[in-house]
Amino acid sequence: MILDAKTAENAPVRRGAAARLRLEKAALRCFVRRGIDAATTKEIAKAARMAEGNLYRHFSSKEDLAWALYKDRLASFVALLEEDARCDGGARARLEALLGRFRRLLEEDPDTYAYIVLAQHSLLNRTPKGMHTPTDVVAGILAEGQKKGEVRAGSADLLATLLVGMVIRVTLLKMSGHLEGGAAALERELAGACWRVVAG
């Protein structure tokens with residue numbers, strides 16, 4: 001088959017994008033299973049089926065790769081949470097919609113879920129203060145709920161931190177097999193517990 005000039009020109013770009021995607025998927029698996037500090041560029045490259053030197057065509061270091069993965073996946077997840085937060089209903093209904101999104105990410109992409117949760121601790125110093133997080137989305141819902149008398153008085157940021165901490169801890173225990181029961185039942189129980197913490 002003869003390629004036209006434009007197709008031939010774009011072929012290396014497509015190959016580069018495909019290689020980067022393969023590298024990111026491999027790094028995500030390695031970081032989740034071994035941790036960012038323990039995972040090596042050699043392991044990541046091997047999992048991606050490429051030479052170790054190719055990693056540096058896309059990222060300046062392992063740390064740069066870890067940060068890019070975290071930043072991009074967190075931003076995508078936060079965008080979904082913001083969409084869910086616009087659902088009809090009061091603060092409780094909106095918080096339950098967010099819980100559903102956490103559960104779906106855990107079920108559909110457990111590596112991304114685990115990475116967002118686990119990487120935040122090791123990358124905390126690199127995270128800029130203005131970076132939007134799930135806690136910010138929850139705090140926005142709570143602040144609006146406080147104005148309507150649905151949510152108790154107090155720091156919306158602190159209350160949001162408590163709720164997100166509860167969700168993360170429960171799902172981590174579920175992932176590790178330390179919590180029994182189906183995801184739907186746990187979600188209902190967690191939703192009730194979260195609401196009791198913040199109800200006005």
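Residues considered: Phe77, Phe59. Of these, the only one that is under 20 Å from Arg169 (Cα atoms) and of a type outside the set (A, V, I, L, M) is Phe77. Just checking, how many residues over segment 150-183 are in contact (Cβ under 8 Å) with a residue 24 or more places away in the chain and either within 16 Å of the chain's Cα centre (by Cα) or within 27 Å of Asp109 (Cβ to Cβ) (or both)? Qualifying residue count, segment 150-183: 13. Every listed requirement among (1) under 19 Å from Arg73 (Cα atoms); (2) in a helix (DSSP H, G or I) is met by Arg169 save one, (1). Scanning segment 107-130 for residues that are over 24 Å from Glu187 (Cβ atoms) and either at pLDDT 90 or above or of a type in the set (Gly, Ala, Ser) (or both) yields Ser122, Gly130. Among the residues making up segment 23-42, a single one is surrounded by 20 or more Cβ atoms within 10 Å (Cβ to Cβ), over 15 Å from the mean Cα position of the chain (by Cα) and in contact (Cβ under 8 Å) with a residue 60 or more places away in the chain: Ile36. Applying the criterion of being within 12 Å of Ala27 (Cα to Cα) and aliphatic (A, V, I, L, M) to the residues of segment 51-77, the residue that is farthest from the chain's Cα centre (by Cα) is Leu55. Inside segment 49-74, residues that are more than 25 Å from Pro134 (Cβ to Cβ) and assigned to a helix (DSSP H, G or I) make up a count of 8.
Against the list (1) surrounded by 16 or more Cβ atoms within 10 Å (Cβ to Cβ); (2) within 14 Å of Cys194 (Cα to Cα); (3) at pLDDT 95 or above; (4) not charged (D, E, K, R), the condition Leu158 fails is (1). Has segment 142-152 got at least one residue that is under 30 Å from Trp67 (Cα atoms), surrounded by 18 or more Cβ atoms within 10 Å (Cβ to Cβ) and not small (Gly, Ala, Ser)? Checking segment 142-152: at least one residue is under 30 Å from Trp67 (Cα atoms), surrounded by 18 or more Cβ atoms within 10 Å (Cβ to Cβ) and not small (Gly, Ala, Ser).
The values are calculated or read from the model by the stated rules, or taken from the named source; none is laboratory data. Keep in mind that this is a model prediction, so the values were computed, not measured. Please note: Cβ atoms are built from the backbone with ideal geometry, for glycine as well, and neighbour counts cover all protein chains shown.
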